[in-house]
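Here the structure comes first, spelled out in structure tokens, and everything after it is commentary.
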Amino acid sequence: MPPSPTPPVELTARILAERDRDNAQEAAVEFWFPASRKPEIPQFTEAIDARTECKKGEVMPPDNRKAYRRRKIGEALRRYREERGMTQEVAGRLLDRSASSLSAFENGYQSIRPRDLAYILDAYGVSDPDERGRLLALVGQGRQYGWWHDFRQRLEPGVLDFASLEADATRIRSFEPQLVPGLLQTEDYARSIISGAGTSLPNMRNIETGVEFRMRRQRQLAQAGHPEMAVVIGEGALLQCVGSPQTMRAQMEKIAGAARLPHFDIRVLPYAAGVHPGVDGSFVILDLGHETQLQVVALHSLTRSWYVEEPDEIDLYCRSFDRLQEMALDKDQSRELLHGIVSRT
């Protein structure tokens, strides 16, 4: 296939480099990693909030095990081809490719190189710079080699793929009515949650893998270009005893400390709020890329996690989160409640 000039695919890396580098980063590093145990933070770090992250067969149904970015690129290529009235055989002759290779791209089974994607977009006459930039950015992000690859032999592909999505998030919005979100958990709290999740107890090795993975994902909160975090936590999550009283006290102190960081917006949804838009359970909204090139909503249950992809449905979750923030205590009131719980623990 002849090469074609390719717009920059290092979009995400550049965005992260250009984001704020003020004192918030230093404060975040000091909070998450005290001087005695500050790690060397890798270039690309990630997160996932799935409670079953250490259990094989319970994260992402089969159709979602193909890398999310590859599926989104494939869906776009199929749409462009069909809009032009071409079968895969006809498109293959135009592109000097086999129909089977096009099928692999369109179904998300095979990754595509940036220059090949640019060539196909040229052949299909896709000239919109925003659309081209969005797809080429997805290719570039998907080719990153992050720390989560160290867990390939221990965790499900869906867990790692979702982790890579969170690494590229510029904003994360999380609603959790029953548990402290994974990005805010202490090691002891996470260990108690992971060891007690599901209908059967995982072995100690899997528990420690899950704890290690959950702590590694938190490092993105202490590096340059960290995502903006908006969290709504149900009051019940703060009062539910997980582990020992010492575990809960340390956990409440960690949440209270995070609430003081400038890139965190932590609010508590009190029991008194009554019926609210999140009665069906927790969810996470990820905004990825420059000017929100892609939005993803993740839902987690006891047996699996899955993505919400339809724009109308994503918009519903965004509006629901806004409403949850309105119904929750404001940031100052939430901090007061957290300090009160710490003093009583």
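Read the figures in this text as sums done on the coordinates, not as results from a lab. Keep in mind that this is a model prediction, so the values were computed, not measured. Don't worry about glycine lacking a Cβ; one is built from the backbone with ideal geometry, like all the others, and counts go over all protein chains shown.
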So if we plug the beta-carbon distance of GLU83 and VAL275 into 1/(1 + (r/R0)^6) with R0 = 30 Å, what FRET efficiency do we get, rounded to 0.05? 0.10
Taking only C-alpha positions in the range 68-142, Rg and Dmax in angstrom work out to 11.1, 30
